[in-house]
Amino acid sequence: MLIASLAGYTALDMSVQVAAARGSSRGWWIAASALAMGVGIWSMHFVAMLALNIGIPVVYNVPLLAVSIAIAVGASAITFTSAASTASTRGLAVASLAMGPAIAGMHYTGMAAMQMSARTVYDASLVALSVVIAVSASFGALVLARHFRGVPEHHSPLKIGASILMGAAVYGMHYTGMLAANFIPEAEPLRADEGVISTLGLGWAIVIGTILLIGLTLAAAIGNRLVGAAVSAANESDRQRIRMVDTLQQIGQSLTSELELDKIVQSVTDAGTELSGAEFGAFFYNVVNEVGEAYTLYSISGVPREAFSRFPMPRNTPIFAPTFYGEGTVRSDDITKDSRYGKMAPDHGMPEGHLPVRSYLAVPVISRTGSVLGGLFFGNASVGVFKEEHERLVEGIAGWAAVAMDNAQLFEAEKRARSEAERANGAKDDFLAVMSHELRTPLNAIIGYTNLLQTLPTSPEDTRQRLERVDLSARHLLHLIDELLTYSRLNVGEERLHIEDVDAALIASEVQALVEPLAIKKGLELACLLPDTPVLIRSDAHKIRQILLNLVSNGVKFSESGSVKMNVEQLGQELVVRVTDTGVGIAQEHHQKIYEPFWRAETGPTRVTGGTGLGLSVSRRLARMLGGDLNVASAPGSGSTFTLNLPMIAPGDVGGED
Ligand code: ADP
């Protein structure tokens, strides 16, 4: 019984290795466990046979003994191969269907090897029972064995139970088999054939078999322990490494995607606490509010926030100073033994109510600009928790935290600046809209009264001439104010389209008439090339007039001699108006700049031509509003051509008179 249980233990112990082994080593483990189990069964059988005394001498047939060993070992091999490759109960049942007959096959072959002057007669039902016992006890043992696969604990009660059960499969089968056997004496004396072995020889064989078995048991146990320890150590460090990489990845992700300071500091604190093996971690960080006041906030990890409620902000005591002054990392196996610890009364430099810290790790978080953003603090109530690798990890995290906090602060500052600028811009637009509107009213009154005075028959000629000047200046002023008004209306999105049937040719001649006096004054030719028939389009007449007036006035304004020509034509589904002058021209690098509001080639008090720099900016925006565009072709000294393209039907036209 002892031998069978020992064999069971060895075999099960090795089956653990079989399950863990890969490749060719798996084959070796299967062979070894099959050998242990097979030899174990065999030894059990013949030790039991030594215990049997049937009163007549018995010898054993060696070839049959060899066959019995081969059966035991071979069937055990099949068992362990199938048990190792499955964990399902059905698979284990199949494996025990190999194990049970292996034991029985060995037993009955061993019985057949007996040579004596007696005949053996078997009771069939007991033989069947012996096989059932072998199968079911093997099944029970294999099911139990499944539980300790991969478990580093080697001598669990479960394992010992499984070994006893496996042993029981062997000796239970054996004694049931022996019960089934009846030895009937025969008159014939014992024939000592060739190739038999006496009981003494058998004894030796058993001793050798058992020694082999115990040797294998020991080897397996030692191997198991060594391999198991190595495997579990490797597993543990693998797990640790995986956890670390996971955490690092998480921080990386949250830091790169996060622009909110609160979330950054919390994830940094959590990550540092987890990676350093600290019981608790805290991040004290400096922030500057909108009014420019600096103050300290904190985030914590590992303890509920209430645990910190009585915790005052750490002061620059000798312990904290290196962190808050950004001097470097402080790592201590036991901070209570640190020389800096005892320096400050009343609490050794630690604030009142602080957590029970022995192991201590503190790292400053320093901005790109060199200023200290805050400090990361980690603690553990046990001594010697933080190692150099933790220090390096936390320093790495502090570096990322600094970058992320810098980014968050830049983002905040930029956001503030942008909304400030937007507000200022809005205020400017409102101001322009209100002011230009308010200026128009009195100006219209001035123009109205001037015209009235001009028409009075009593006005002397020189007064009339002066009134004409007043009128001209007032109209110029009105034009500027209109430009400003349009500009601010465009900016606040309040400029509306009034679409109607428009004769573009008519507008062009009106513009020509308006600018003519100026052109004549400067000695410039002002020509207008129109098609013979009206150019009817659906658009906004007022806006087209505004654009053309701008272009033609500019042509006149920026030309000292020569001509300004306006060419109106319909090209397919487009109205094209070209305004060509022989003026100063525009350098290539300014071809886009001229459309920027308030941009003028001439700047400063020495400029000769007047203007706001809004004309072209407003003109282009109006052209685009009408579904068209405004472009220039020009070179310094060779004049300019502005081309206005407009669709025959402006966008948003619903077809009705508006
Ligand atoms: P303003 O005429 O009030 O200065 P604009 O927006 O109409 O403002 O024009 C912007 C600038 O573009 C002008 O100051 C001038 O430098 C340049 N520019 C516009 N039209 C012409 C032109 N026909 N010839 C040369 N330069 C021009």
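Any read-out appearing in this document is the output of simple, stated calculations on the displayed coordinates, not a laboratory observation. Everything numeric here is computed off the predicted structure, so don't read it as measured data. Here the Cβ is made from the backbone with ideal geometry for all residues, glycine too, and neighbour counts use every protein chain on show.
The figures follow:
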quantity	calculated
Cα principal axis extents for region 614-657, largest first, Å	47, 21, 13
Debye log10 I(q)/I(0) at q = 0.18 Å⁻¹ for region 489-566, Cα point scatterers	-0.77
Listed peptides 329-338, 462-471 by packing density, highest first (mean Cβ within 10 Å)	329-338, 462-471
Pairs of Cα atoms farther than 48 Å apart, the chain, %	61 percent
Reciprocal mean inverse distance between Cα atoms of region 1-97 - Kirkwood radius, Å	14.4 Å
Straight-distance crosslink candidates among lysines, where the alpha carbon sits under 25 Å from Lys543 and sequence neighbours closer than 8 are dropped	Lys428, Lys557, Lys565, Lys593
Cα-based convex hull volume of region 404-453 per residue, rounded to whole Å³	38 Å³
Equivalent ellipsoid semi-axes, region 382-472, via Cα gyration tensor eigenvalues times 5, rooted, Å	77, 10, 5
Alpha-carbon Debye profile of region 543-658, log10 I(q)/I(0) at 0.16 Å⁻¹	-0.75
Ordering of 589-596, 132-139, 640-647 by packing [mean C-beta count within 10 Å, highest first]	132-139, 640-647, 589-596
Partners for Lys159 among lysines (Cα-Cα distance below 28 Å; same-chain residues under 8 apart left out)	none
Protection-proxy order for peptides 541-552, 569-580, 259-270, 97-108, each taking the mean of Cβ atoms within 10 Å per residue, highest first	97-108, 541-552, 259-270, 569-580
Within straight-line cross-link reach of Lys263, lysines at Cα separation under 23 Å, skipping those fewer than 8 residues along the same chain	Lys415
